[in-house]
1. Could you check the range 46-71 and list, in sequence order, the residues that are farther than 20 Å from residue 100 by Cβ, modelled with pLDDT under 95 and within 19 Å of the chain's Cα centre (by Cα)?
2. Here is a list of conditions, (1) in a helix (DSSP H, G or I); (2) touching a strand residue (DSSP E or B) at 6+ places or on another chain (Cβ under 8 Å); (3) modelled with pLDDT of 90 or more, and residue 111 meets all of them except one; can you say which number that is?
3. Those residues that are assigned to a helix (DSSP H, G or I) and farther than 26 Å from residue 73 by Cα, I need them from the range 138-165; list them, please.
4. Failed condition for residue 91, given (1) at pLDDT 90 or above; (2) surrounded by 15 or more Cβ atoms within 10 Å (Cβ to Cβ); (3) more than 16 Å from residue 16 (Cβ to Cβ); (4) touching a strand residue (DSSP E or B) at 6+ places or on another chain (Cβ under 7 Å), with all others met?
């Protein structure tokens, strides 16, 4: 790191979210920073972060927001911490909206995570039983004229394994 809280990634300087939060507290001591879980389930999390101030009349004035989405299966780290990573990303994006982003909008945390995910894609394990079930579902969907919709509901790994099968069904319809 060249400066505390600044990371050089591929020639660009990114601030960590921790540094952005510190700058926020220093620059806007009367503002608040909060997060809200917009959606959460076993597969994904969506978080919205807000930065604003309470007005004298009790109203809230929001100055910036940031959203983030994380998938539990996206990485080994997300397997246990997808909610925390999502919240950190939302906060970083919110603070970038306030001008605390440095030269790049994405935070160092987000860029490192994105590079890791690109270099370490999750491996999908597909059983023969799953393939047979998917084939049966595609055949039924083809009879109803819904082959395309059914195919795109499959996971990417199953799609790759059954692409030729689906194309043959399409030709025979």
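1. If the condition is that a residue be farther than 20 Å from residue 100 by Cβ, modelled with pLDDT under 95 and within 19 Å of the chain's Cα centre (by Cα), then 69, 70, 71 are the ones that fit.
2. Checking residue 111 against (1) in a helix (DSSP H, G or I); (2) touching a strand residue (DSSP E or B) at 6+ places or on another chain (Cβ under 8 Å); (3) modelled with pLDDT of 90 or more, the one that fails is (3).
3. Looking only at the range 138-165, we keep the residues that are assigned to a helix (DSSP H, G or I), and these are 138-143, 147-152, 156-165.
Result: 139, 140, 141, 142, 143, 147, 164, 165.
4. Every condition holds for residue 91 apart from (3).
The values are calculated or read from the model by the stated rules, or taken from the named source; none is laboratory data. Here the structure is a predicted model, which means the values were calculated and not measured. As a convention, Cβ positions derive from the backbone with ideal geometry for all residues, glycine included, and neighbour counts pool all protein chains shown.
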